[in-house]
Amino acid sequence: MKRLTLLAGVRMIALAMLVQVYTAPAWSQENGVSNATFQVLQQADAFLRQGQAERARQALSGLQDRIKDNAYEQAVVLQYLAYAHAGSDNPRAALGAALDAIKSGLLDDDAVHGLHALAGQAAFYLEDYRASIDHLAQWLQQASAVDADVYYMAGYAAYRANRPDTAIMYLEQAAALHKASSPAIIQLLLSLYIDRKAYAKAEPLVKRLVADAPQKREWWLYLSSLYAHQNRYDQALATMMLAYYAGQAKQSDILQLVRLNAQQGLPAKAARLLETEMANQRLVRNYEHLKLLYSCWRLARENGQAAQVLAEAAVLAPNGEDFLMLGRLSMQRNDWRSAKTHFQQGLRKGGLRRVHQARLWLGIAAFKTDDAALARQVLEPLLEVENVKHEASYWLKRIDRPKYTHMYQYSVEISRMW
């Protein structure tokens, strides 16, 4: 709730309370207020009713010094000053005057009741939410007709004061009123329901938002998210698809839709949607989106397309890890030449978590492609590295071992026979 909007509300409700509860001539004479004080109060009352709160404040301030020996008159003047300060956009002074008037213990129940309403609103404006909900709760206990905005104020104050049960109670009352189709009320109530996993209560509220404004993507997202919270991913996906085809989806929504498709066992559909959105330039073809596309194709077991996307992502990557992944995939296919190239690219790009392991893989790929010089170059330094030295030693011995030792020995035996 914006503070300027609130202040206008404080002034409006405060003055309304004054009009409803008091008629200066009647209560002044009945309670024995002096004639001089009564005249000033009557004048201040007229100013307040005309919306001239500052003139009312000035009149009352001048009166305070003259009645400091009369506790009851002081309490009455403080009461009127509280309303005047509220109307003059001075909530701190309004709160102070209201509290002093209440603490006097000299005012009747109706007067105190009205001051609790004003004090609650002024404290709300000052972001003293604990004091605000304390005063508003006391006022609401006896209030007969309450506007939805006041219930919302009380609910919000209770929420900020970390009193979720009280917040839910007042927000439910606000949502039940005719004027309470305000999204702010429903959204706050929804957040409290979801925190408590009260999804059954949250669902009709979200559907109400969707029905009231089907063109707003936020409400579709709320509904989709609510279904996802309940593990109803099929309905979450269907809801997101409705928003997508209605043209209400934004970049973040499209990405969520892609992930929902993948989670629901439709990774190929997710990948095609992502490809389409990048081709249409609704999504940037950046590293993050390419990695998501790669994951979708991998889940769909479309390994060729996955590798192609990963190669594109590796060029944009902040480090060489994706090139290492490409090299490992090439090793699985026994494509040793591609593996060697990818490992070299990864090492050149740098930023690797396991540099020594990457060098070992490169040495193996070099050996497999008959590049003994490169294999020695990368494997020999690894003999000093504890976690890979045994593997490096093994492959270096393989390099030194003649490939056709058994054929050579056979030919020697044959020559000896001659």
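Place a point 7 Å from the Cα of residue 58 along the Cα-to-Cβ direction; which residues of the stretch 66-101 have their backbone N under 17 Å from it?
81, 84-90
Zone of residue 303 (label point 7 Å along Cα→Cβ, backbone N under 19 Å): which residues in the stretch 253-292?
Residues passing the 19 Å test: 267-268.
Heavy atoms only, 1.4 Å probe, whole protein assembly: order 160, 92 by accessible area, highest first.
Details: 160 115, 92 160 Å².
So, going from the largest accessible area down, we get 92, 160.
Using 0.36 nm per residue, how much length does the chain from residue 357 to residue 312 gain when fully extended, once their Cα-Cα distance is taken away? Could the numbers behind the result be given before it?
Values: separation 45, 0.36 × 45 = 16.20 nm, distance 2.33 nm.
Residue separation times 0.36 nm, minus the Cα-Cα distance, leaves 13.9 nm.
How many nm is it between the label spots at residue 126 and residue 229, if each spot is 7 Å from the Cα in line with the beta carbon?
Between residue 126 and residue 229, the label points sit 3.5 nm apart.
So what does residue 229 come to for accessible area, using a 1.4 Å probe and Å² rounded to 10?
Approximately 90 Å² for this residue.
The values are calculated or read from the model by the stated rules, or taken from the named source; none is laboratory data. For clarity, every value in this text was computed on a predicted model and none was experimentally measured. Every residue, glycine as well, gets a Cβ built from its backbone with ideal geometry; the counts of neighbours run over all protein chains shown. Side chains are part of the model used for accessible areas, which takes the heavy atoms of the whole protein and leaves out ligands, DNA and RNA. Shrake-Rupley method; radii C 1.70, N 1.55, O 1.52, S 1.80 Å.
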